[in-house]
1. Based on DSSP, what percent of beta bridges with both residues in the stretch B:63-208 are antiparallel, to the nearest 5?
2. How far, in nm to one decimal, is residue A:330 from itself in the other copies if the label point is set 7 angstrom along Cα toward Cβ? Shortest first, please.
3. What do you get for the angle between helix B:46-59 and the principal long axis of chain B? Use alpha-carbon atoms, 0 to 90 degrees, nearest ten.
4. Do you know the relative contact order of the stretch A:175-244, to the nearest whole percent, from alpha carbon pairs under 8 angstrom that are 6+ apart?
5. What gaps in nm, shortest first, separate residue B:168 from its twins in the other copies when you place the label 7 Å past Cα toward the beta carbon?
6. Search the structure for amide H atoms under 5 Å from the amide H of residue A:90, placed 1.01 Å from N in the peptide plane, and list their residues when 5 or more places away or on another chain.
7. Looking only at chain B, where both bridge partners belong to it, what percent of the DSSP beta bridges are antiparallel (to the nearest 5)?
8. Over the stretch A:225-285, with the other protein chains present, what is the accessible area per residue in square angstrom, probe 1.4 angstrom?
2 protein chains.
Amino acid sequence: VKLELINTGTELMLGFVTNTNHQWLCRELTQAGYVVSRQVAVPDSAPEIQQAIREALTRVPIVVTTGGLGPTSDDLTRQAIAQLFGRALREDAAVVAHIDRFFRDRGRTMPPQTRVQALVPEGALVLPNSNGTAPGLAMELGAAEGEGAKLLVMLPGPPRELEPMFVDQALPLLRARYPNPASFACRTLRSVGIGESLVEAAIAGPLQALVAAGLEIGYCARIGEVDVRLSARGATATGLVADAEQIVLSLIGKHIFGADRAELHGAVIQALAARGETLAVAESCTGGYLAHRLTNVPGASEVFLGGWITYSNRAKQEFLGVKPETLAAHGAVSEAVAREMAEGARERMKASYALAITGIAGPAGGGPDKPVGTVYLGLASSKATRVLHQVNRYDRESFKFVTSQQALELLRRRLVS
Amino acid sequence: VKLELINTGTELMLGFVTNTNHQWLCRELTQAGYVVSRQVAVPDSAPEIQQAIREALTRVPIVVTTGGLGPTSDDLTRQAIAQLFGRALREDAAVVAHIDRFFRDRGRTMPPQTRVQALVPEGALVLPNSNGTAPGLAMELGAAEGEGAKLLVMLPGPPRELEPMFVDQALPLLRARYPNPASFACRTLRSVGIGESLVEAAIAGPLQALVAAGLEIGYCARIGEVDVRLSARGATATGLVADAEQIVLSLIGKHIFGADRAELHGAVIQALAARGETLAVAESCTGGYLAHRLTNVPGASEVFLGGWITYSNRAKQEFLGVKPETLAAHGAVSEAVAREMAEGARERMKASYALAITGIAGPAGGGPDKPVGTVYLGLASSKATRVLHQVNRYDRESFKFVTSQQALELLRRRLVS
């Protein structure tokens, strides 16, 4: 079953934002077995929106739009669609009540202009918005309005409103209306600590027979991690992908920390929880980013006890017990200081493990002995303290990500081995 | 001058990659005064690519495609376009020599299948690729091939090949062929602490005269912040946008923390640096995210001294000096504890200010008195301690962002007022 996606928003045409809804919806629809045959972006202009919808409906039975459902004057989708299909707009009392409650829950009064979001084209189904005020809409179009019966689904633009609405409401609607799309199987294995070409060199040969049978392999390398995407369509899809997964795990399994949407910080929290152990952190150059990643995992507080962000030498001494003579002899960015930070953090927080990071994020601060990107990662446990030395030459935010990956992987290997 | 963009690639339709070329090209073209009126993505399929190009040429005089110029079997753009316009493909000796040199420079032999990249449709101009093997192409289409003379520009997909080719070759070509596009002016004012509909209610009326004169206003609401985009085209563009900015600043200036790519954490670091003051943080439910944002700013270490992540009551007592009786009487999520955390952090870190955050991020942990999302934000200074109470009902990551926005804004207001 083919469908087309229409993203509305002048900010998309001006290049002010990245169209992340495009990728997210294409991935979800593909996983569900649908084929997205075209994606179109148009500005906030009623004629452009109407033309794009009209054209898409001549090609495919399902059209999904995003954006333009909010309360401001550049939100035009609702009105443009009602006009295009000659449907009256009526205020939906339940939506008005939802918007009113949304503001009251936040201790605010409903601004009158937000009421426009409760207007619903005649015959359209309301998709309630659990994370915002603008509801989504779904309209069945009769043969008179398109060529044969068609389905038009309108979703709000903000990803945190669109995503749960799609999963909880739009996708079940699609499945009810267009069941049994061609089966599609896909598994993305997520690796860390090994480069893209080494991954391919290790697995491409052994997977050749499965590729001949219809398996597709994709590699996606981001800084600090490489994904291996195994996919197939048709009756044998699930078996092909499962066989391929076993082969990949047998070859590079120790680098694979999870599948699909798994995150390395989630894998670490899970492994700690399974062992009933706890963690503290002491961060210098990552400035809280490691703690932030760990605390993104719901329930992290059961195993992550807390930590310190110690930029200055004084803070390292006073709060973590790093010795002044260690700092004087080796400097703040050194194996010895990483070791004392990790041990001090572990002891003070009474944790099973502590991770410590000290380094030079840049852009300034490097020298001939310790260039920008130099970092020491310490892992303290009840048995021993290990320190890893790395040079991560990246922009500031990538530096933080790569360094936190290395710290998390240092601990994950300790926990799963 | 209007143009359309066509991105080709099955990986775009499967949702495996983000279409960053879309945003990059739209931003560059907008800055150069061109109007991108539509962007389309299609899979690697000759009929789909041909249909998209044919349709685009009926609407606009310039079409830019990306992708499908490489050496593999899924690179179809060159062939599809030659077929669509009935032009023969001829091997270009200069391109063959370039590809050969490209491989020899890297100590490799030119693989025979890469030679296909030297095929050029009759009459097309070659845009040499300084960062890869596939050249770009530009074709003038006569009145016989489209409605009036048109320009079709084909760029390779990889951003590091596409971007310099666009700047150095495609854009000069566009400018020569379609000179003096209307000049474009744009300013995005970034606000915090005020909702999208209240922003519009405050500024839409007073800007009405400028809108009548050609000003365009766009609103982009993300959780925790609202952007107001002021733009105009033509000879009066710069003046219109400057006048509009003054009006917006006079009306809601206290909510505006910066313009264009400014970030709230950057504004806070700047304001601290300008005053020669310093900051410490004590975070519970935001788990290091506030510190992470502050330390994303290069040079943050001059004013940001560090902080604590204190999940447990024990850590709040031991490291920040929160009194056991305060915890017993009010609970960890309370105004009194936020106050003691902020004062303890400020004193221990010897900072001018300290921000403290204690709350319930969820999804679990709420109760009837203190629902999920409850948060207390403390700001300690040498003069007084202020505590703000908020209820931020969001998913875990959005909760962290909104809460950190409120903390940063609490401090920014203190610094700029």
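The values are calculated or read from the model by the stated rules, or taken from the named source; none is laboratory data. Everything quoted here is computed from the prediction, not taken from an experiment. All Cβ positions, even for glycine, are placed from backbone atoms using ideal geometry, and neighbour counts span all protein chains on display. To get the accessible areas, we keep the full protein, side chains included, count just its heavy atoms, and leave off ligands, DNA and RNA. Shrake-Rupley method; radii C 1.70, N 1.55, O 1.52, S 1.80 Å.
1. The answer is about 75 percent antiparallel.
2. From this label point to the equivalent ones elsewhere in the assembly: 4.1 nm.
3. So the inclination is approximately 80 degrees.
4. 43 percent
5. Copy-to-copy label distances at residue B:168, shortest first: 5.2 nm.
6. Answer set, sorted by chain and number: A:120, A:122.
7. Counting DSSP beta bridges with both partners in chain B, the antiparallel share is about 60 percent.
8. I get 39 Å² per residue for this part.
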